Structure formats: C-alpha cells, structure tokens
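One structure is given here, and the rest of the page talks about it.
Laboratory data are not the source of any read-out in this text; all were calculated from the coordinates shown. Quantities reported herein were computed from a predicted structural model and do not represent experimental measurements. Glycine also receives a Cβ, built like all others from the backbone with ideal geometry; neighbour counts cover every protein chain displayed.
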Amino acid sequence: MTPGLRIQLLGEFCLTYNGVLVTAVSSPRLRTLLAYLILHRGAPQPRQRLAFLLWPDSTEEQARTNLRNLVHLLRQALPHSDCCLRSEGQVLLWEPHVPYVLDAAEFEAAIKAGALQTAVELYRGDLLPECYGDWVVPERERLHQLYIAALERLAQQMEEARNYAAALGFAQRLAKEDPLCEAHCRRLIRLQMLAGDRAAALRTYHACAMALRRELGVEPALATQQLYAQVLHGIAAAAPPPGLSGAAAPLVGRRQEWAQLLGIWQAAASGRPQLALIAGDVGIGKTRLAEELLAWVGRQGFPTASAVCYAAEGSLPYSPMVAWLRSRPPPALPDPWRREIARMRPDASSGPRGPDAPWERHRLFEALAHAVFAWGRLPGAGRARDLSAEPSAAEPLPILLVLDDLQWCDRDTLEWLHFLLRFDAHGRLLVVGTVRTGDLAAGQPLAPLLDSLRRYGMATEIELAPLSSDEILALASQVAGRPLAPALAEPLYRGSEGNPLFIVEMMRAGMGRSGPWDPKHGETALQARQPLPPKIQQVLAARLAQLSPAALTLAELAAVSGRACRYDVLARAFDGDEANLVQALDELWRRRILRETDNDSYDFTHEKLREVCYEGMSAARRRLAQRRLDEATASLGAGA
C-alpha cells in the first residue's frame, strides 16, 4: 500500500513518497497521464482515449505505442504502482480506495465542509498550469471558481465580523487573481477605506483604471468611478465619525444582530428607505451597536449624522435636526429650500422657529428632506463626464442617520421622519434609532410612526438579548486589559446577568485591578454583597423613578420579599383593588422591571434592580412592606 504518497496538482506539480520527492515523474506527458488518471479515479479509461488526448496529431497506431511506453515509465517511476494503477485489457484504472493524498481532493473536501480558510491555503495555484490539453481547461476553471467564491465568502465573513485586516487580505488576493474585475476592485477600495488607508484606496483605483484601459480599452464603470469620487473628495471618510475613536475596543458579540443591521443597510443603499430600531434594556449595548454601524459606514466615505434625544427636550421641536445641521451643514440648495432651512439654523438669534400653518409645515418638511438627500451628492455631481479631471457621481450616495434614545424624540421630528422616509420611494437612506424596550409605550408618538412604516415594509426591529457567559468574559478581559481565567465566565455572568454596562462598571469599580486573578478569589469577590458602582445605581434608580406610585409600591413589595413572589401574595399585600394591581403589574412587565416566572409568580428581571429598589426604601417603608407580606402569607396559609 501507499500511505506515504502525496500528489500536488494545484500550482507546481509535486509528488512525494514518505516525505521524499519523487523525481522520476518529470516529463510533462508523464505528469499529464498521472493527473488525468487520478482526477478520474475509479472510472476505467480506454487506452484509445488516453492515446488521443496525449498525442492528438499522431496516427492511432503510433499514439497507442507511445501510450504503452508511457504507462511502462509511469509504473517504474511511481512507488507501489501495482497497488495504484490497474490495467484490464484495453482500459487503465487508478484505484480510488488506495490511501494517498491529493491536494485537489483536499481542497474540494474543505470547501464542502465549510473550512474556507483551509481551502484557500490549499489552493497554491491553478490546476496543472504546465498542461495545455483541452480536457484540463474546464476542470481548472471549475476549481478556480471555487477558490474565488471561497475568497469572496471569507472577505464578506471577516468584514461582517469587523475583522477588517483579515478581510483586506482576502480582498487583495481576489484583486490579484483578476485585476480586471471591477467588483473585486471596489471591494478592496471599500476595505482599504474601512482600514483608514485612503492613499491605498486611491492607488487601487488608479491600478484598476490603468489595467482596464491597457487590456480592454475601456474606462471604469460608473459605480467604480463613484466609489473613487468618494475616496477622492473624502467626505471626512478616512476617519470615524465625530465622537468615535478608530482605536475603540472591538464590539463584543452581536454577530447575528450586526449581520442583520448590515443587511438592512444594504437594502437601504440599494434604494429602499429603511428605519432600523435597535431595542433593549438599559446598558444592553444599543448605542454601541449603532455607533459601530456609524463608524463602518462613515469610514467608507458615506455621509452620516447622529443625534441624541433627551427626556428634558421632548417638547423642543426638531432638536435632532438642529444637531444634524450643526454637525453637517447642508450643501448649496435652491433659494426656496435654503430660506426654509434658515429656520433651523443653530446660530439664528431667535432659535429654531416652527411653521405657523399646515402649508408652511409641508414646505419645511420638504426643505429638510432636500437638505438630507443633498448630503448624498458628491462635489462635481451633474457635470459633464470628464474622466481626465474629476469623476462624476452617477447616483447619490446612501445616507445613514442615527437617533439615540428615540423614545424621547419630539412629535414634530417623528412626523418629519415619517415624511422623510416616504419622500423618495427610491431614496438611499437608513435611519437607525435606539429605544429602551421598557420605555416604548403604545401611547407614545413613536408608536404611530412604527405602525405606519411596518405596513409599508420599511421598519425592522432588532431586540438585543443579554450577552452569553463567554462574551461577558471577553468583555471583562477587554476592560481589565488582560485575559481572565475561563472559570470566571459563569460568576461574571451571574454578577452582570449578561448586561454589558453592568460588567464594565463592575470591572471599573475594582474587579479589574491589576494583579493575578485567582478563579476562587474572583468568584468570592463577585458573590460578596458590595455596593454597586455609582453609574449602575444611577441608571437603575432612573428607571425606577419613571414608575407610577402604584407600580413603585408593588416593586417595593417584590424587592422586600427577596425572591419570586406569588401573585396571590402580592394581591393581598398590595394596598389597592385588583384592577389597580393588574395595571401596576402590567406597567412593571412592560418596563422590564418584573418578569413572570413559574407558578404564577413575579420576580425582578435583574437582581441589581431588586437591590437598588430595596436600598432606595426608607427603613419605615421596608418594615411596612414586610408586615404586609407576612400578613398576606399568613392569611393564605402555610402553603403560600
């Protein structure tokens, strides 16, 4: 048998046996015969066909004589050839069950198994580049296309995982494989922009344009020219948007949500305006995910703008739009729209002035929409096409707007957002809003906007769940600045319950001190009852402060109970009728303060909420709540 036989057909031909190079298989025809038989392993090959493939210009008799000589040489050169090569009358057969290693077979197996990185490393070059037979061309092209598809998928996967360095490496290999492919060129330019290398992006375009002119006598496509215009004119593209640092810590987890957000961006960029709503609890990472998209889009040269809504500014009209105009003044607009926009100028002495009549309101809405879509027009757009000077933009650029804490947005801005998203059915616009799940009530102005956009298929909600224990450990390691013991994953998760803000604040409050981390010590520290970091206390106290008096009283009863509390016990202990009790429970459930558990009981969604609620009570209120709970339990019997 031949356990040590290894055959390399991709790139340079190489045959080894037990690690020793077999040099006897040296002639091109000998290699071609071996390659043909092994690529068609298990299928009997007529000698007549083989003779014609190898000597198409010879007579049949001469070709068959040549084949007999070649087979004899192959048997002499190939170790254990009697096990590999079988001759049966007028056919030759390479035994498929002989133990050998073939790089082309390994490559295809890795592709089928999804091991794409292994596959691209196995692909050392085209199949038998020294062979010019017609039979090898289709197989060579098939394997090459599998390689290209693997590189494309890897580049996409690495980009979605925000591993831009790895994605850039795969994109460079793609561009090298086919310098005339503009899709590969555009991918490489985009990734170079994401990596902050604007000069490399410009060089890539110039190399692509020169190759197209030299080899095909054509100019780059308009999509490629537009991308070049983004790079050339910058739009502050090489750096992240204001407030974000290119050296920011990588986003932990959220791979599925990130992929979903990228899909929504791609839909919007193709001409389908979209609203993406990132929902979740306080500190769950809504703003961080939106910032990641803001940086990703901005570094590619697309226009972006962000604003934050504040509870105190809920009645102040158009405050987000004022922030957008301050960060990105609108380009030149026709006079009618420019005059309307003057109402919103942040430096106007009288401040933003809303419209007085419905028709004025419509004109203001339209002017603001024109201002936003004007951000997508590159300098020089609309000029005569002169490729020797400046590239022109065939289409406007897609635009990203981000609104943080959308639940506090004023009604006027929400109505204008509804107008904006429907202003141009093919507008390349994505609006991303973050919203606290518990603060999104049916009666808020945001609800009608969402209902309407859902009917038109223009709204997508992404709800963020807690991070896993492994992700929490990775985040804690980032904050600590060093790897933490794997044994800490579970205690860290229990201490934070998967909330990124909580783990960050816990680490900053002392869990991440320098020095060795002992798993037993770390778990003991996490389990110890110690004061919450001030930021966590403030965040959770602010959530509780938004509750109605009845809901707060019910939350205090649940906090004093110290565990999941049955509905009948709460009903007896609550100072009010059942209708008020149900309304208070519903409010606590909607605001994600309490959750329903087994056996018709209710408990806090997070142990830290219980702790803050309990600590916020006076001693007198605690005694009163405890007495009511004891009386309710006693009245229901020992089984309660």
Inter-centroid distance (Cα atoms) of the range 68-114 relative to the range 570-640, Å: 76
Within the chain, which is the longest segment that contains none of the trypsin sites (Lys or Arg not before Pro) sitting in a DSSP loop with at most 10 other Cβ atoms within 10 Å? 1-512
Share antiparallel - DSSP beta bridges, the chain, percent rounded to 5: 45
What is the angle, in °, between the Cα long axis of helix 60-77 and the longest principal axis of the Cα atoms in the chain? Nearest 10 is fine, range 0 to 90. 70
Helix 164-177: inclination vs the chain longest Cα principal axis, degrees, rounded to 10, gives 30
First measure r as the distance between the Cβ atoms of A223 and Q156, then evaluate 1/(1 + (r/R0)^6) with R0 = 25 Å and state the FRET efficiency to the nearest 0.05. 0.90
Is the C-alpha gyration tensor of the range 161-233 telling us rounded, prolate or oblate? Criteria: a/c under 1.5 is rounded; beyond that, a/b larger than b/c is prolate, otherwise oblate. oblate
If R0 = 51 Å, then D451 and R627, at their Cβ-Cβ distance, give a FRET efficiency to the nearest 0.05 of 0.65
If you fit an axis through the alpha-carbon atoms of helix 136-160 and take the longest principal axis of the Cα set of the chain, what angle between them do you get, 0 to 90°, nearest 10? 20
Run the count for the chain, please: Lys pairs, Cα-Cα under 26 angstrom, 8 or more apart or on different chains. 5
